[in-house]
Amino acid sequence: MPERHVLITGATRGIGEALAAHCLAAGDLVVGCGRSAPAINHDRYTHFEVDVTDAKSVDGVFRELKRRFKRLDVLINNAGIGGMNAIALTPVDAARRIVETNFLAAFNFTREALRMMRSSPAGRIVNISTVAVPMRLEGEAVYAASKSAIETFTRIAAREVAPFGVTCNAVGPCPIKTKLTAAVPADKIQALIDRQAVRRWGAAQDVVNVVEFFLRPESGMVTGQVIYLGGAG
Amino acid sequence: MTPITSEAGQVGAITEAAVQDVVLDAIRLANLARDTGAQLEVSAEAPIFGPDSALDSLGLVALLLDIEDGLRAIGCEVLLSDERAMSQKRSPFRSVPALVAYITGVARG
């Protein structure tokens, strides 16, 4: 198989950065998107500094990708934002930002990426959900709902993209020490971890492991699945 | 030829005849993968999607993506997305003439 062409949103830090580093180590050509400058400096890494919710900017990214690479093999919709708040205290604009980033951006990237994946021998789309979906945590209503949308989208997309030889799956990380979880109170995180089968923090490498499983050529029959880390669900 | 922008873009010189050629070529390409009893009509008046066509919704998606590729090859960059796409009666993709008019309209902004 030729080197994989991989597109990762939210590649600037945390899980996205770890995924990018993993793919580069595997010999892939990696394109990352993020709101800030990249942490990675590698001759097979290209970075686009964009807001993934800005449709015009995303359109520009895909134009450039088509011009440079023609083919896309992997899309990882990793960009996401959190926001722990009670429903009664959440401004509509805050809820809209979460849904736009966590769901609509992934939808738009998937829509565009599919056009470039038709020429891939094994197209792969991986979305990032969260254990907050099955755990139904108080204070996570909007965040978890946006990820529930991603899960349903994943399952239906799996059916729509299968005729093109593309799979679509999701991974739901347990708490991992990233910028997103840094804003959540420690006791809330601990309560969540205590409900897991494996009662410890996850690591970015745990997510990488599941994603790599989805990406393997042998995983062509694995689609429409959501795998949670830590035994949640 | 000047490439156009997607969805509601600006076009260079694109003619309905050129768009029709791309659409008919894409239908011929689709037929290569279809059974003899499920061939799509290849003509300037042919239905594409709806009660008079054998094309299902996933087949329509593949056909439209092939048409996008064909248009790109002649310098016309469009993204064929429309909320009426799957409507049996109002889909702009329901027939060759409707699709050609739709693409030409989008391409010309």
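Suppose R0 equals 56 Å. What FRET efficiency, 1/(1 + (r/R0)^6) with r the Cβ-Cβ distance, do residue A:177 and residue B:21 give to the nearest 0.05?
0.50
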- line: For the stretch B:21-85 the trypsin sites (Lys or Arg not before Pro) that pass both the DSSP coil test and the at-most-14 other-Cβ-within-10 Å test are B:34, B:84
message: Please compute the length gained on full extension between residue B:101 and residue B:72, using 0.36 nm multiplied by the number of residues separating them and subtracting their Cα-Cα distance.
response: 8.7 nm
- prompt: Quick one: accessible area per residue over the protein assembly as shown, 1.4 Å probe, rounded to a whole number of Å²?
  reply: 47 Å²
message: If R₀ is 35 angstrom, what is the calculated FRET efficiency for the pair residue B:89 and residue A:57, using the beta carbon separation as r and rounding to 0.05?
response: 0.45
query: With the solvent-accessible surface defined on protein heavy atoms using a 1.4 Å probe, which residues belonging to the stretch A:160-209 display a reduction of at least 10 Å² in accessible area in the multichain context relative to the isolated chain?
result: A:160, A:163, A:164
field: DSSP loop GluC sites (Glu not before Pro) with at most 12 other Cβ within 10 Å: longest gap in chain B
entry: B:1-44
message: What does the charge count around residue B:97 come to, taking other residues whose C-beta lies under 10 Å from its C-beta (Lys +1, Arg +1, Asp -1, Glu -1)?
response: -1
field: Net charge contributed by nearby residues that have their C-beta within less than 14 Å of residue A:114 (K/R +1, D/E -1)
entry: +1
query: Straight-line reach from residue A:56: which lysines have Cα under 19 Å away, leaving out those fewer than 8 places along the same chain?
result: A:66
message: Please enumerate, by chain and number, the aspartates and glutamates with C-alpha under 13 Å from the C-alpha of residue B:89, excluding those fewer than 8 residues away in the same chain.
response: B:52
statement: Heads up, the stretch B:28-93 by the C-alpha gyration tensor (a ≥ b ≥ c square roots of eigenvalues; a/c under 1.5 rounded, else a/b over b/c prolate, else oblate) looks oblate
statement: With a 1.4 angstrom probe the carbon and sulfur portion of accessible area for chain A, in percent, totals 54 percent
message: Treating only the Cβ of Lys, Arg, Asp and Glu as charged (+1, +1, -1, -1), what charge dipole size does chain B show about its Cα centre? Round to the nearest 20 debye.
response: 200 debye
query: Roughly what angle does helix B:96-108 make with the longest principal axis of chain B, taking Cα atoms, 0 to 90 degrees, to the nearest 10?
result: 20 degrees
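Where the only charges are on Cβ atoms (+1 Lys, Arg; -1 Asp, Glu), what is the dipole of the stretch A:155-212 about its Cα centre, to the nearest 20 debye?
160 debye
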statement: Here the FRET efficiency for residue A:26 versus residue B:38, based on Cβ atoms and R0 = 41 Å and rounded to 0.05, is 0.50
query: Name the residues of the stretch B:32-62 whose accessible area falls by at least 30 Å² when all protein chains are present instead of the chain alone, probe 1.4 Å?
result: B:58
query: So which residues in the stretch A:105-135 end up with at least 30 square angstrom less accessible surface once the other protein chains are there, compared with the chain by itself, probe 1.4 angstrom?
result: A:111, A:115, A:118
task: Place a +1 charge on the Cβ of each Lys and Arg in the protein assembly as shown and a -1 charge on the Cβ of each Asp and Glu, then give the dipole magnitude about the Cα centre in debye, rounded to the nearest 20.
output: 680 debye
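For the interface of A with B, what's the total buried accessible surface in square angstrom, probe 1.4 angstrom, rounded to the nearest hundred?
Working: alone 11110 and 5900 Å², together 15950 Å².
In total, chains A and B hide about 1100 Å² from solvent.
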message: Loop only by DSSP, 12 or fewer other Cβ within 10 Å of the Cβ. Give me the trypsin sites (Lys or Arg not before Pro) in the stretch A:80-162 that pass, ordered by residue number.
response: A:136
- request: Hand me the GluC sites (Glu not before Pro) from the stretch A:126-233 located in a DSSP loop with no more than 11 other Cβ atoms within 10 Å, in residue order please.
  value: A:138
query: For the charge dipole of chain A, defined by +1 on Lys and Arg C-beta atoms and -1 on Asp and Glu C-beta atoms about the Cα centroid, which residue among A:36, A:202, A:60 has the Cα displaced farthest towards the positive pole?
result: A:60
- request: Please build a GNM for chain B, connecting alpha carbons under 10 Å apart, and tell me which residue among B:66, B:82, B:35 fluctuates the most.
  value: B:35
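The values are calculated or read from the model by the stated rules, or taken from the named source; none is laboratory data. In this text the structure is predicted, and so the values were computed from the model without any measurement. Note that each Cβ is placed from the backbone with ideal geometry, even for glycine, and that neighbours are counted across all protein chains shown. The protein model used for the area step is the full one, side chains on, heavy atoms only, and it has no ligands, DNA or RNA in it. Shrake-Rupley method; radii C 1.70, N 1.55, O 1.52, S 1.80 Å.
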